[in-house]
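Step one of this worksheet: look at the structure below.
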Amino acid sequence: MKNWKDKIHMNTTFKSKPLFVSDNAFGLFFEMDKDRCVYFKPLNESFSSSLHENSKGTLLYFEREFIEEDDEEYALDILSLFKRSSEGVFQIAAKEFPGIRTVLGLIEEEYNTQENAYLILKSLLKVLLLKLIRQLHNGYLKQDVHQKRVLLFLQLMERHYLQETSGGYYAQQMGISEKRLNQILKDKLELTAKQVIQQRQVTEIKRMIKQNAITLKEMAFYFGFESLSSFSRFFKRHTLKSPSQFKAEFES
């Protein structure tokens, strides 16, 4: 992958907003010395407010490209790991701690390598995440028809979320009722179809604001809003900032 270092960030101090990493990135922060804790940042969300800037530990941000989303054996486990841990933090078990520390060391070594590190980094990241999944879930999530439906929904949403924002559309495409789709998503991701779609929209809006290729008014119509004011209300409801405020903060 070209420019893979724009897709991953690693540091020994906590930074809530590192350069070059988008909001559409996962985040992990390990406090390895005393409490052996790991903090989680799901896509388009933030780390726990209990974390302070410049705290010492191991910080790891990575974009979605580093997750093999077409690997059905563990793609949903990753989403579930971050969603179920989004309330904050859990302590690494003593028996898991040496292995996790070793993998983090290997990731750091490859991160500082200039050539041919992408595939190795991706493999090491997978090992790290599977170790965390094993502790949090006491094994991997049971593979069942509902897990496959969640993956199908996510694939459909990624193709159509700009045009189709109703959960009913995706339920119809999948041959189930909207109520059943929401039940499955709530069980697996703790979100409804509408919440997942809106989360994806907000992530894309942030990305486009940062690109600064079109005006906010053009962006509003691009996302299907009838006016700039309705677009602004939607964005502020999810981020607590207006699009113009978000844009100004990014450019400052």
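The values are calculated or read from the model by the stated rules, or taken from the named source; none is laboratory data. Computed from a prediction, not measured in an experiment: that's the story for all the values here. All Cβ positions, glycine included, derive from the backbone under ideal geometry; neighbour counts span all protein chains shown. The area values use the complete protein model at the heavy-atom level, side chains included, leaving out ligands, DNA and RNA. Shrake-Rupley method; radii C 1.70, N 1.55, O 1.52, S 1.80 Å.
So which residues in the range 100-128 are open to solvent by less than 70 Å² (accessible area, probe 1.4 Å), touching a helix residue (DSSP H, G or I) at 6+ places or on another chain (Cβ under 6 Å) and assigned to a helix (DSSP H, G or I)?
Result: 100, 103, 107, 110, 118, 121, 122, 124, 125, 127, 128.
In the range 163-183, what residues are β-branched (Val, Ile, Thr) and either closer than 12 Å to residue 149 by Cα or part of a helix (DSSP H, G or I) (or both)?
176 - this is the single residue of the range 163-183 that is β-branched (Val, Ile, Thr) and either closer than 12 Å to residue 149 by Cα or part of a helix (DSSP H, G or I) (or both).
Could you list, in sequence order, the residues of the range 186-203 that are open to solvent by less than 60 Å² (accessible area, probe 1.4 Å), outside any loop (DSSP other than H, G, I, E, B) and closer than 27 Å to residue 243 by Cβ?
Of everything in the range 186-203, those that are open to solvent by less than 60 Å² (accessible area, probe 1.4 Å), outside any loop (DSSP other than H, G, I, E, B) and closer than 27 Å to residue 243 by Cβ turn out to be 189, 193, 196, 197, 198, 199, 200, 201, 202, 203.
Out of the strands (runs of 3 or more DSSP E) lying entirely within the range 23-98, which hold 2 or more residues that are open to solvent by 10 Å² or more (accessible area, probe 1.4 Å) and modelled with pLDDT of 85 or more?
37-41, 56-63
Would you confirm, using the coordinates I've provided, whether residue 13 is in contact with a helix residue (DSSP H, G or I) (Cβ under 8 Å, 6 or more places away or on another chain), of a type in the set (Ser, Thr, Tyr), modelled with pLDDT of 85 or more and farther than 26 Å from residue 195 by Cα?
Taking the combined requirement at face value, the residue does not satisfy it.
Looking only at the range 210-231, decide whether some residue is in a helix (DSSP H, G or I), small (Gly, Ala, Ser) and surrounded by fewer than 18 Cβ atoms within 10 Å (Cβ to Cβ).
yes
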